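Heads up, the thing below is written out as structure tokens.
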Amino acid sequence: MRSPSPIIVLGGGIGGLSAAIRLAAASRRVILLEKNSQLGGKMGRFQADGFTWDTGPSVITMRQVLVDLFAAANRRLDDYLTLRPLDPLTRYFYPDGLRLDASQNLTQMAEQIARLDERDVEGYLTFLSYAARLHRITGPVFIYDQPPTWRSFWRVPFPDWFKVDGLRTMDQAIRHFVRSPHLRQLLGRFATYVGASPYLAPATLNVIAHVELTGGVWYPQGGVYQIAAALTQLAQELGVEIRTNCPAAEILVTTTGKRPQVTGVRLANEAQIAARQVISNLDVTTTYQQLLPTFPMRPPPEPSCSGFIMLLGVKQQYPDLAHHNIFFSQDYPAEFEAIFRQGVPPTDPTIYVAITSKSDPEHAPPGSENWFVLVNAPPIGPEFTWQKEKEAYRDLVLERLAAWGYELRPHLISQHIFTPEDLAQMSGAWRGALYGSSSNNRWAAFLRPPNRAGNIQGLYFAGGTTHPGGGVPMVTLSGRVAAEMAIREEPLQ
Ligand SMILES: Cc1cc2nc3c(=O)[nH]c(=O)nc-3n(C[C@H](O)[C@H](O)[C@H](O)COP(=O)(O)OP(=O)(O)OC[C@H]3O[C@@H](n4cnc5c(N)ncnc54)[C@H](O)[C@@H]3O)c2cc1C
């Protein structure tokens, strides 16, 4: 039976949709409020001049997390989405001319690695088993369950404590396994999946390599946005009341009882909706700053990196490129130094190019390709203002691509740029962070704001800034954690 009072979910990003689905599947009445006209949050879609682009995530891993979400609602993922495995996972281009296709196929990987340094074949295989072990040990405590506390360590069997590898950096651990600078750079790049630096993030995050290199990368037929569309359909089928173009202005709280208690939400149009539980899918910092200005929060955690995005419609096709491509910078440490220490975009950036028209030809007109170009950038800060530098940085990236042999400028028939400031404005991401709070700290998992507000009863969080972190699978899991907490702590009607 449905409870009479609704639970409000603020924000229709993937974490918000996941929470709403879990709640509705457990027969709760749910109202989801989204400020934009489309759901999905950072998982966006943009169409112009005959091209379709995914504007946010492009690499989808951990398929099982989505399978589980649909199963919680007694549905089959395959009835809503066709997820195709991609091979190669990513095509890597190095400044010295080397090209490497990362693959789950160990024979193919071993052949390519042997050409770099034969000793690295065994090093790579040992690294993979190390990363699988990290997943086995850390998964139940840091990823798939409630937010960890210091006591969580007691759930890790004592012999495994030191295998969590939290004291070295990712790069230090990788160096221990493989010698080739090419392979080190490739494995270190997984830090950027959570917006971190391999030279600062704890080696525990080498678990991400396991998730991709062993678990694989999936592409939803029709585009990554199909995930948001499928979750929206499922939420609607379960009876979630979805209101788009409906920004929340304030989370209403009464302070008359023993503890401040949520009483509802005030919308930007001044209407109020009563509710004793609210799950905010906004960044935790944005929630406090914009919707709870009188409530103190702990100092905001450092944000992850942001990104500079170019959506390019190219009247040309490039058969030598794959669906996912990486053009590595010459000096990887300098790139992260610029982003995280100097707070400026790198002058020699690693450039990521995803071309979904390789898998979905209708995403571009005949003879053309839809390039999604992403360069890691510092979170918004005092050191750099994009407004003045946007065109100059676009020119720099196009120049770099031309130097790689991809002179796109004569073939561009559509181009759209999104800076960290645009990202902050579109999704409410604090300082434009792509992946929530920073993982450049060995204590990040403990410093991340938990899924329950400590100072307001009835307020929960789902999304990239809370447990278990950023990225599509993680925010999907955060929705589950927040929904389960809300159900467990439901007030009596
Ligand atoms: C360019 C880019 C590339 C990425 N690449 C990958 C990738 O390859 N793989 C991967 O796994 N992850 C990737 N990510 C990260 C991933 O997209 C995010 O971690 C995830 O989508 C964030 O989901 P979320 O639940 O935190 O919500 P968000 O997407 O942050 O959504 C929050 C929602 O709240 C809404 N909102 C804000 N304020 C209000 C308000 N006042 N009232 C109502 N609604 C409001 C926003 O409009 C938005 O819809 C990428 C992100 C970006 C931007």
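Quick one: compute the contact order of region 305-430, relative version, from alpha carbon pairs under 8 angstrom and 6+ residues apart, as a percent. Averaging sequence separation for qualifying contacts and normalising by length gives 38 percent for region 305-430. Sequentially through region 473-479, phi angles give Karplus couplings (6.51, -1.76, 1.60; θ = phi - 60°) of x, 5, 5, 5, 5, 4, x Hz, Gly and Pro residues having no value and appearing as x. Relative to the first principal axis of the alpha-carbon coordinates of the chain, what is the inclination of helix 63-72, with its axis defined by its Cα atoms, in degrees from 0 to 90 and to the nearest 10? On a 0 to 90 degree scale, this one is about 20.
Suppose the Debye formula is applied to equal point scatterers at every Cα of region 419-493; what is log10 I(q)/I(0) at q = 0.12, 0.23 Å⁻¹? Here log10 of I(q) over I(0) equals -0.37, -1.06. Given R0 = 25 Å, the distance between the Cβ atoms of residue 302 and residue 421 translates into a calculated FRET efficiency of 0.85. Computed from the alpha carbon atoms alone, the convex hull of region 227-268 holds 104 Å³ per residue.
Please work out the FRET efficiency for the pair residue 214 and residue 47, using the Cβ-Cβ distance as r and a Förster radius of 35 Å; give the result to the nearest 0.05.
On the way: r = 35 Å, r/R0 = 1.00.
Efficiency, from the Cβ-Cβ distance: 0.50.
Remind me, relative contact order of the chain in percent, using alpha carbon pairs under 8 angstrom and six or more residues apart?
That works out to 24 percent.
For residue 9, the residues 5 or more places off, or on other chains, whose built amide H falls under 5 Å of its own are 31, 32, 33, 279.
Magnitude of the Cβ-charge dipole of region 92-192, K/R +1 and D/E -1, about the Cα centre, nearest 20 debye? Working shown, then result.
Values: 13 positive and 11 negative charges, 70 e Å.
In total the dipole reaches around 340 debye.
Sequentially through region 112-120, phi angles give Karplus couplings (6.51, -1.76, 1.60; θ = phi - 60°) of 5, 5, 4, 6, 7, 6, 4, 5, 6 Hz, Gly and Pro residues having no value and appearing as x. Candidate cross-link partners of residue 35 among the lysines, defined by an alpha-carbon separation under 30 Å and a same-chain spacing of 8 or more, comprise 388, 390.
As a check on your grasp of the helix formula, calculate [θ] at 222 nm for the chain: sum -39500 (n - 2.57) over DSSP H runs of n ≥ 4, divide by the residue count, round to the nearest 500.
Numbers: 12 runs with 134 residues, N = 493.
Result for the chain: -8500 deg cm²/dmol, rounded to the nearest 500.
When only the Cβ of Lys, Arg, Asp and Glu is charged (+1, +1, -1, -1), the dipole of the chain relative to its Cα centre reaches about 1680 debye. Each residue of region 403-412 was assigned a 3J(HN,Hα) from its phi angle through the Karplus curve 6.51 cos²θ - 1.76 cosθ + 1.60 (θ = phi - 60°); the sequence is 5, 6, x, 10, 7, 7, 3, x, 10, 7 Hz, with glycine and proline shown as x.
Could you work out the Kirkwood radius for region 368-460, taking every pair of different alpha carbons, averaging 1/r and inverting it, reported in Å? It would help to have the intermediate numbers written out before the result.
On the way: mean 1/r = 0.0609 Å⁻¹.
It works out to 16.4 Å.
At a Förster distance of 22 Å, what's the computed FRET efficiency of residue 96 paired with residue 412, Cβ-Cβ distance as r, to 0.05?
Numbers: r = 28 Å, r/R0 = 1.28.
Efficiency at R0 = 22 Å is approximately 0.20.
Spin-label model, residue 274 to residue 447: label points 7 Å out along the Cα-to-beta-carbon direction sit 4.2 nm apart. Under a 5 Å amide H cut-off, with hydrogens placed 1.01 Å from N, residue 45 pairs with 55 among residues at least 5 apart or on other chains. In Å, what Kirkwood hydrodynamic radius results for region 305-430 from the alpha-carbon pair distances? Roughly 15.2 Å, rounded to one decimal. Distant-in-sequence amide contacts of residue 263, defined by a placed amide H-H separation under 5 Å and a gap of 5 or more residues or a different chain, comprise 252, 253, 254.
Based only on Cα atoms, what mean projected area does the convex hull of the chain have, in nm²? Intermediate results must be reported in sequence, preceding the final value.
Working: hull surface 91.8 nm².
Here the figure is 23.0 nm², rounded to one decimal.
Across the alpha-carbon set of region 107-216, the Rg to Rh ratio works out to 0.99, Rh being the Kirkwood radius.
We did not get these values from a lab; they are worked out from the coordinates using the rules stated. The structure displayed is predicted, hence computed values, not measured ones. Don't worry about glycine lacking a Cβ; one is built from the backbone with ideal geometry, like all the others, and counts go over all protein chains shown.
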